[in-house]
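Quick note: the coordinates plus some simple rules give every number you see, no bench work behind them. In this text, all values refer to a predicted model and were calculated from it rather than measured experimentally. Here Cβ is always computed from backbone atoms with ideal geometry, including for glycine, and neighbour counts include all displayed protein chains.
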Amino acid sequence: AWIKTNVRLLPADDFFVGAAMGSTVLRPGEVVEELRLPPPLPDSFFFQAEDGIRDAIDFAIVSAASLLRVEGDRVVEAGLVLGSVAPLPRRAKEVEAFLKNQPVTAELAQEAGALAVRDAKPRGGSNYKVQIAAELVRRAVLGCVPHKRKRWEEVRGG
């Protein structure tokens, strides 16, 4: 994806990195004008979930978003991002690589969740976030199970 501002065009991965002394890469006076998403590939399935204390009122305790492409019963491409688990959204590249060419099973989903939090270093009383993150990753993978699939086109309304 790309983020178009009134000044430049940024890859989404660069946009969501943020600045060392701030919360955004936007320059003074720069505003987001457009989000450019690539067209979905066939057999792409979207999952988004968050866990919070009060729905729609507070920021999420942990969130996850994934876009997985499946052929038959196997994951052929995977994108997975966790939110509220680090100072910035965290792309789970190791989990993405792990899922490729694997058949979607409950065991695979469980292993992917464990891998996503394997190196977690929770701070001061936030150990519960590790369990929530692992569970959201597990659900994201299971979202590709044929009877639970939600096509990307359905999510985008097109």
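Extension gain, A114 to Y128: 0.36 nm times the residue separation minus the Cα-Cα distance gives 3.7 nm. Efficiency by 1/(1 + (r/R0)^6): what FRET value for V31 and A60, r their Cβ-Cβ distance, R0 = 22 Å, to the nearest 0.05? Efficiency for this residue pair is about 0.35.
Can you tell me the length gained on complete extension of the stretch A106 to R74, counting 0.36 nm per residue apart and subtracting the Cα distance?
10.2 nm
Modelled label positions at K93 and K121, each set 7 Å beyond Cα in the direction of Cβ, lie 1.8 nm from each other.
Taking a sphere under 14 Å around the Cβ of K93 and counting the other residues whose Cβ falls inside, with K and R at +1 and D and E at -1, yields a net charge of -1.
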